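*Asks:* I am attaching a structure below and will ask some questions about it afterwards.
The values are calculated or read from the model by the stated rules, or taken from the named source; none is laboratory data. Bear in mind that the values here come from a model prediction, so they are computed numbers and not experimental data. A quick note on method: Cβ atoms are made from the backbone with ideal geometry, for glycine too, and the neighbour counts reach across all protein chains shown.
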Amino acid sequence: MSRESYESEQQWHLIVDAAPSGMLLVDEHGTIVMVNISALRQFGYEREELLGKSVEILIPGPFRAGHRQYRAGFLKVPQTRSMGAGRELFGLRKDGSEFAVEIGLTPIQMNRGMGTLASVVDISERKRLETQLRRTERLAELGTLASGMAHEIGTPMNVILGRAEYLLQRTDDEGMKKGLATIVTQVERITKVMNQLLAFARRKTPERRAIDLVEIVDESLEMFEERIAQSRITIDKTIEPSLPLVLADRDQLIQVLINLVINSIHAMPEGGQLRLSLTCEESHVCLRLSDTGHGIPEEIRAKVFEPFFTTKDFGKGTGLGLTVVKGIVEEHGGTIAVESVVGKGTTFWIRLPLDKAQAAATS
Ligand SMILES: Nc1ncnc2c1ncn2[C@@H]1O[C@H](COP(=O)(O)OP(=O)(O)OP(=O)(O)O)[C@@H](O)[C@H]1O
Ligand SMILES: [Mg+2]
């Protein structure tokens, strides 16, 4: 090899390795003859593990069979184009995981026949953001609808409630009283749904302050003191000393706790134990709430955060409690997770980021 061609080959390698997208050169038999650093990173291989191998090891099982035919088709009409013609494409990593890709194909005449240069872009992050955006948009629409409806329905409901209570005071007829009392409780139910919807719509901009979660927990539990005692539920609280503050909206966090505690009370009609703990984990405060209730069957666990998902009787649950909880937690930059064993109980974990100003001052 002459010095110039050696140098130009070195340069060529540098250029290819500097490319942000993965690049693979495949010969007409489908054997990988060149691979750049980005592709190695994407697929999790070392260079020597890929060179000389069939490109099919990078293709997930279900797509592998069709690939050979596709490759033959491409070589018949070798033109630069994107692969898959609008289909979703996936790459297969060495560890067996898959990721969404976009692939551009360019035919390259090599000494040994026609090669194909595949340029691979990992689009999994883009896809994740797209899904998240669609979800956020849907929830925003629902929020707007909810606040509109809450207003339209709230006013007549208050009138109905007022009249029913007025008549209730004026009558001595037992049958009438019973009927009116039913109207009152049913209207209260609707009001509850509406309040949940409003909390969900959260038109109010959150007011974030440095907040001590211990106070929030105590305050929320206080509201349920009587109900908890009546339901034969005992409370066990574990709080790490000198817990850092979080930057949060107080009312919203109380709403989070109320919704979780009510769910736990509902899950333990025969009584049980409600355990709450607050701990600090590096940059987060973790709130753990577990009950010894009936638990959540695995097949519905993924759905509990969805709007309007409820297993409670018609009129009893709105199915918005956990949607509100998740919305608030995520709006605060936090995360929520659930674990449950049927017949044993359910645990919710909420992680909220520390108040940054405070975190900076203490580190
Ligand atoms: N601690 C828990 N134990 C068992 N199941 C639970 C628990 N928390 C939630 N769930 C399940 O998740 C579902 C959804 O909860 P979510 O709070 O969103 O709505 P809901 O409680 O049904 O209605 P609402 O909150 O309006 O009263 C519940 O219907 C219940 O099946
Ligand atoms: Mg609930």
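*Asks:* Can you tell me which residues in region 64-109 are acidic (Asp, Glu) and touching an Asp or Glu at 6+ places or on another chain (Cβ under 6 Å)?
*Replies:* none
*Asks:* Here is a further query. When you go through PRO78, PRO107 one by one, which is the residue that is in a loop (DSSP other than H, G, I, E, B) and either acidic (Asp, Glu) or in the same structural domain as VAL16 (by TED's automatic domain parsing) (or both)?
*Replies:* One residue alone meets the criteria, PRO78.
*Asks:* Identify, from the list ALA302, ALA337, the residue that is loosely packed, with under 13 Cβ neighbours inside 10 Å, touching a strand residue (DSSP E or B) at 6+ places or on another chain (Cβ under 6 Å) and assigned by TED's automatic domain parsing to the domain that holds ASP236.
*Replies:* Sole residue among the options that is loosely packed, with under 13 Cβ neighbours inside 10 Å, touching a strand residue (DSSP E or B) at 6+ places or on another chain (Cβ under 6 Å) and assigned by TED's automatic domain parsing to the domain that holds ASP236: ALA337.
*Asks:* Scan region 251-293 residue by residue and report those that are away from ligand 2 (no atom under 13 Å from the Cβ) and not in a strand (DSSP E or B).
*Replies:* Selection gives ASP251, GLN252, LEU253, ILE254, MET268, PRO269, GLU270, GLY271, GLU282, SER283, THR292.
*Asks:* Among all residue pairs at least 6 apart or on different chains, which show Cβ distances below 6 Å where the first residue, located in region 248-262, is under 16 Å from VAL214 (Cβ atoms) and the second is of a type in the set (Phe, Trp, Tyr) and assigned to a helix (DSSP H, G or I)?
*Replies:* Cβ pairs passing all conditions: VAL261/PHE224.
*Asks:* Could you list all residues from region 246-271 that are surrounded by 19 or more Cβ atoms within 10 Å (Cβ to Cβ) and more than 21 Å from VAL324 (Cα to Cα)?
*Replies:* Result: MET268, single match.
*Asks:* I've got another one for you. I need the full set of residues from region 328-352 which are over 13 Å from the mean Cα position of the chain (by Cα) and either part of a loop (DSSP other than H, G, I, E, B) or without any contact (Cβ under 8 Å) to a residue 60 or more places away in the chain (or both), in order please.
*Replies:* Matches in region 328-352: HIS332, GLU339, SER340, VAL341, VAL342, GLY343, LYS344, THR347.
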